[in-house]
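Just below is one structure, and these are the notes that go with it.
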Amino acid sequence: MPLVFCIIFDCIMNIELFFQYVAAGVTYGFIYAIVAIGFNIIYNTTGIINFAQGEFVMLGSMTAITLNAFMPLSLAIVLSVLITMLVGAVMEILFFRWLESPSVLRMIIITIGLSIIIREIALAIWGENVRALPYFTGNEVSSVSFAGVHISPQVLWVVGICSVMVVGLQVFFKYFRYGRQMRACAANREVARLCGINTKNMVTLSFVLSAGIGALAGCVVSPITYSQYNMGVPLAIKGFTVAILGGLGNSMAAVAGGLLLGILESFSVWVMPSAYKDAIAISIMLLILFFRPAGLFGRKEEFSLKEF
Amino acid sequence: MRKGYLQIGILCLVLVLIDLVSASFGKTYYLTQLTMSLYYSLVVLGLVLLMGYAGQISLGHAGFFAIGGYTTAVLSTYNLMKYKDAAVVKMFSKAGLLNLREDLYGAEILSFHPWVGIVLSLAIAAAVAYIIGIPVLKLKGHYLAMATLGFGIIVYRIVLGTPLFGEADGVSDVPPFNILPGLSISGEMDERRINYYIASFFVVVMVYILINLINSRVGRALKAIHGAEDAAESAGVDTANYKLKVFILSAIVAALAGAFLTHFNGGIGPSEASVMKSVRYVAIVAAGGMASVWGGLTMAMLLNFLSLRGYFGSYDDAVFGAVLIVIMLFAPEGILRINPLKILRMSIKKS
């Protein structure tokens, strides 16, 4: 307990540092939330947890970095998102579309295998070098002041673009034809098919969508966190933690969960060596799995109806 | 039952034959990698029971392997010389738990005897498996996979971030393990063949235990759990108890393999605890056909040997990823169960 008081005391003494930590936490939190939403989209339509979700983020940012050498930044990002979406589509069509009612174990193992293959291909293409996209506006040292707190403009880009993505997805699922069909699929695939919805295409669409948002998130965060061929696995685990923190399948709760984890992680540096930072997310994940598998915001009854 | 014993006999024969053939061709250096493959096969056999028969996936078994390896590595290398006058150390010494030897430069090293290391590593692995097994095994499907993966990563992080475990370098200069006078586990050139037979002995014993277990009441209970857990439960099978026991057994076997391999190699590094290693064990179990002792053993020997000899080059991880995908897509029953005739018939039927 005294430790907690120390931290609070430190924070009060150094309000600026406090907000820096919050800003860093929010940045990471939004990225985790986007990865979690990617998990949710695919989980809702197929019942699969796609272990290769983090690889979409890696592919998006690495492709954009390469393309940025030949074309302006905005074009490079758009193209890399499209390429990653294509990868998502190809992945679904080649590996999942034609399987007839495979077991969960089989699906898990296939997505794990895919994530390894994508990572190894990325290693062969880009090597082990750490790369980064340039800052969208300004550079490493430029900052925007808010009431005396200095924040990198890239943080605003991350928060802005991720918020737009979250709202955009909500609108898409609520008002657009394909979005509504995907929700129908999620609710009951058999009935959706009987209503004339092409459920197989909806599954492909869900892979495309979650690849796309993952890639875009990878691009906006790349200037701050840097990109490397093996960045996908920790992101996938944290994204999964966030997804179950909010309750699997619930995208708005994922945003809250993401911010919670991001800020917790960023403040954990005050109390323990940063080498153990990853352990926080994993410990939270295990605690949630053991004690509240329906998530912080989920209801137990609803959870017990879902299949894993 | 009889059939199982016949097969074990054949296994012994094959193991001896491998030794004789490699000796007669003057390629006894193959035996080093074969011995390592045999130890890795032990982990796979434990996982066959857990995944194939009890139907519980584990993406954290490299963690148990590392717990075994690191425990014995640290205990048998940590120099107690500077504490040699402390009461506790004297007590250990009197109990015969300590081992005095000299390093390359003649400095004295007082450390625990490998027997202590082995016993403790098995005990720790069993305790950890018991503690995490109770909550983890309540989970199913994705949640089970993620929870075991999380356990594996935590072990990896601890090993990688703790100075006692040598951080990124691991623990080296682990002494040979003298099981009996004249019989020791070490990587020495002239003890290669005897070590190959020691490892073979463990594998044969493990296969014997597995076959007996599978053809017993326990094995039938496990199959029932795999088939339909709720049904098994309502038929009076104590599913939680069986799952936990199998989990602990497979963890102990993994720790045993880790401990012995560490003495054989003379060291252990953090890569043994990595997620990729856990995935590799799962890939091998899948390639062997999940619920197949012989398939798992064959694949473990084959793939590990090829990988250790460096046939996969820098595509080592990619090969195991590809094995996972291809097996799960086209042959979820395992490579050895592929029936070309049946596939032909199926494709004719389809067209």
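The values are calculated or read from the model by the stated rules, or taken from the named source; none is laboratory data. Worth saying up front: this structure is predicted, and the values here are computed from it rather than measured. Methodologically, a virtual Cβ is constructed for each residue, glycine included, from the backbone with ideal geometry; neighbour enumeration extends over all protein chains shown.
Here B:Asp317 fulfils each of the conditions (1) part of a helix (DSSP H, G or I); (2) closer than 30 Å to B:Ile225 by Cα; (3) within 12 Å of chain A (Cβ to nearest Cβ); (4) not small (Gly, Ala, Ser) apart from (2). Taking first residues from the range A:93-104 that are within 8 Å of another protein chain (Cβ to nearest Cβ) and partners that are of a type in the set (Phe, Trp, Tyr), the Cβ contacts under 8 Å between residues at least 6 apart in sequence or on separate chains come to A:Val104/A:Phe308. Per the listing A:Leu259, A:Leu287, A:Leu248, the residue uniquely modelled with pLDDT of 85 or more and within 14 Å of chain B (Cβ to nearest Cβ) is A:Leu287. Flag set for A:Val104, criterion: touching a His at 6+ places or on another chain (Cβ under 9 Å) and surrounded by fewer than 22 Cβ atoms within 10 Å (Cβ to Cβ). Would you point out which residue out of A:Ile244, A:Ile197 is under 13 Å from the mean Cα position of the chain (by Cα) and without any contact (Cβ under 8 Å) to a residue 60 or more places away in the chain? So the residue among A:Ile244, A:Ile197 that is under 13 Å from the mean Cα position of the chain (by Cα) and without any contact (Cβ under 8 Å) to a residue 60 or more places away in the chain is A:Ile244. Looking at B:Ile179, is it more than 14 Å from chain A (Cβ to nearest Cβ), farther than 22 Å from B:Pro270 by Cβ and under 20 Å from the mean Cα position of the chain (by Cα)? So B:Ile179 fits the description; yes.
Scanning the range A:165-180 finds no residues that are in contact (Cβ under 8 Å) with a residue 40 or more places away in the chain, hydrophobic (A, V, I, L, M, F, W, C) and not in a helix (DSSP H, G or I).
Conditions (1) buried (at least 17 other Cβ atoms within 10 Å of the Cβ); (2) at pLDDT below 90; (3) out of contact with any Pro (no Cβ under 8 Å at 6 or more places or on another chain), marked per residue:
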| residue | (1), (2), (3) |
| --- | --- |
| A:Pro134 | no, yes, no |
| A:Val149 | no, yes, yes |
| A:Gln154 | yes, yes, no |
| A:Arg189 | yes, yes, yes |
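Within the range A:262-278, at least one residue is closer than 25 Å to A:Ile42 by Cα, part of a helix (DSSP H, G or I) and away from every other protein chain (no Cβ under 13 Å). Close contacts from the range B:138-160, counting a first residue that is within 7 Å of chain A (Cβ to nearest Cβ) and a second that is among the aromatic types (Phe, Trp, Tyr), with Cβ to Cβ under 7 Å and a gap of 6+ residues or different chains, come to B:Lys140/A:Phe308; B:Gly141/A:Phe308; B:His142/A:Phe308; B:Tyr143/A:Phe308; B:Met146/A:Phe240; B:Arg157/A:Tyr276.
Applying the set (1) farther than 30 Å from A:Asn50 by Cβ; (2) surrounded by fewer than 20 Cβ atoms within 10 Å (Cβ to Cβ); (3) modelled with pLDDT of 80 or more; (4) not charged (D, E, K, R) to B:Leu100 leaves exactly one unmet item: (3).
Select from the range A:239-276 the residues that are buried (at least 21 other Cβ atoms within 10 Å of the Cβ) and among the hydrophobic types (A, V, I, L, M, F, W, C) and list them in ascending order. Listed by number, the residues that qualify are A:Phe240, A:Val242, A:Ala243, A:Ile244, A:Leu245, A:Leu248, A:Ala253, A:Ala254, A:Val255, A:Leu261.
Of the residues making up the range B:63-74, those that are away from chain A (no Cβ under 14 Å) and either assigned to a loop (DSSP other than H, G, I, E, B) or buried (at least 24 other Cβ atoms within 10 Å of the Cβ) (or both) are B:Phe64, B:Phe65, B:Ala66, B:Ile67, B:Gly68, B:Gly69, B:Tyr70, B:Thr71, B:Thr72, B:Ala73.
Scanning the range A:66-79 for residues that are surrounded by fewer than 21 Cβ atoms within 10 Å (Cβ to Cβ) and assigned to a helix (DSSP H, G or I) returns A:Thr66, A:Leu67, A:Leu73, A:Ser74, A:Leu75, A:Ala76, A:Val78, A:Leu79. Yes or no: the range B:270-281 includes at least one residue that is under 28 Å from B:Arg193 (Cα atoms), of a type in the set (Phe, Trp, Tyr), surrounded by 21 or more Cβ atoms within 10 Å (Cβ to Cβ) and within 14 Å of another protein chain (Cβ to nearest Cβ). Yes: one or more hits.
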